[in-house]
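Have a look at the structure below, then the notes.
The values are calculated or read from the model by the stated rules, or taken from the named source; none is laboratory data. All of these numbers come straight from a predicted model, not from anything done at the bench. When we count neighbours, we look across all protein chains shown, and the Cβ atoms used for this are built from the backbone with ideal geometry, even at glycine. Calculation scope for accessible area: heavy atoms of the full protein, side chains included, ligands and nucleic acids excluded. Shrake-Rupley method; radii C 1.70, N 1.55, O 1.52, S 1.80 Å.
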Amino acid sequence: MSETTSTAGPTTASMAAPAEPGAVGKAAQLAAAELDATIAGIEHRLTEWAAYTGAALAAMSGKVTGTAVDKLIRPVVEELVQLPGGYAAGAGFIANAGLLGPERSYIAWWQGPDLEHVDALANFSPNSISRYVKAEWFRIPVETGRAHVTGPYVDFLCTDEYVLTFTHPVFTRPDGPVAGIVGIDVTVQRLERGAMAALRRVGGRATLANADGRAIVSAAPDIDAGDLTAPNEPCAQYPVGRTFILCSDAVGL
């Protein structure tokens, strides 16, 4: 990790002393902890929502309808997308085949402060809804039974922006199949606004990247969302959330 300190001239004894490397490292650790708390907060909220949704669906005793799903999911989405200072640009639930009937999926997803219902007509067309259930953010949680983050990618289905989609499987019973997924869309632009100050305290080229090394947000002007990056060794690296890595000094590839 490259560190710089300020130097005082011979007549500036009253100025603050240069920061020690240890102090710089401590500031970076605190900034990294802020970013970790932000991402972990989104992940924790999603985990709670998945548990709540699974319990509510189980209480329907197998009589799950699209209307019931909408009534269950929409109030939570409204809270998420309208939360002042929140990160959710959209959110919702997609049922796995079988929850509402044999071979039938269902989408209950809204976006924006006006709660625009995303492609509700897909619920009446198996061909249309297949593009959702084949997407990485749906398919992987269903196949693995674990939470997943997709992106950054351009979300042509909803926002037309670079997004991260956090998704979590929903179970109606612990030993049962995945009933569906709940998910939260976070735009890179919104995350960047909240994260940039902390990134700059870590370093002028500090970069938050996914497990594949794709940049999510970066303090470096030549690294954009989606760019492939690598650590510029030696540098400090900090875990953020379940799968992200914050590198204090990254280079674009």
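Considering the chain at the alpha-carbon level, its Rg and Dmax are found to be 21.4, 81 Å. Here the range 173-249 is assigned +1 on the Cβ of each Lys and Arg and -1 on the Cβ of each Asp and Glu. Its dipole about the Cα centre then comes out at about 320 debye.
Estimated at 0.36 nm per residue, the fully extended path between D224 and A51 surpasses their Cα-Cα distance by 58.8 nm. Applying 0.36 nm per residue to the separation of A58 and A37 and subtracting their alpha-carbon distance, the gain on full extension is 4.4 nm. Quick one: if the Förster radius is 45 Å, what FRET efficiency do F124 and V251 give, using the C-beta to C-beta distance and rounding to 0.05? In this case the efficiency is close to 0.40. Note: relative contact order over the chain, using C-alpha pairs below 8 Å and six or more positions apart, is 19 percent. Taking all protein chains as they are arranged and a probe of 1.4 Å, the heavy atoms of E192 leave approximately 80 Å² accessible to solvent. Within straight-line reach of K63, meaning a Cα separation under 19 Å, sit the following lysines at least 8 residues removed in sequence or on another chain: K71. Does the range 158-242 classify as rounded, prolate or oblate by the C-alpha gyration tensor (a ≥ b ≥ c root eigenvalues; a/c under 1.5 gives rounded; else a/b over b/c gives prolate, otherwise oblate)? Taking the square roots of the gyration eigenvalues as a ≥ b ≥ c, the range 158-242 is prolate. Model label points for R131 and R173, set 7 angstrom from Cα along the Cα-to-Cβ axis, are 3.7 nm apart.
Here the range 62-154 is assigned +1 on the Cβ of each Lys and Arg and -1 on the Cβ of each Asp and Glu. Its dipole about the Cα centre then comes out at about 320 debye. When the residues L121, L80 are ordered by accessible surface, computed with a 1.4 Å probe over the protein chains alone, the sequence from largest down reads L121, L80. Residues D212, D249, D222, D227, ordered by accessible area of protein heavy atoms at a 1.4 angstrom probe radius and largest first, appear as D212, D222, D227, D249. Projecting the Cα positions of A50, A195, L246 onto the charge dipole of the chain (unit charges on Cβ atoms of Lys, Arg, Asp and Glu, taken about the Cα centre) puts A50 furthest along the positive direction. Span-like helix check, the chain: qualifying full DSSP H segments, with Cα axial length of 24 Å or more and mean Kyte-Doolittle of 0.0 or more, are 21-59.
Ignoring aspartates and glutamates fewer than eight residues from K134 along the same chain, the ones with Cα atoms less than 13 angstrom from its Cα are E143.
Comparing A230, A59, A40 in a Gaussian network model of the chain where C-alpha atoms under 10 Å apart are linked, the largest mean-square fluctuation is found at A59.
Does the range 35-171 come out rounded, prolate or oblate, given a ≥ b ≥ c as the square roots of the eigenvalues of its C-alpha gyration tensor, rounded meaning a/c under 1.5 and, failing that, prolate meaning a/b above b/c? Taking the square roots of the gyration eigenvalues as a ≥ b ≥ c, the range 35-171 is rounded. Estimated purely from DSSP H runs of n ≥ 4, each contributing -39500 (n - 2.57), the mean residue ellipticity at 222 nm for the chain is -11500 deg cm²/dmol once divided by its residues.
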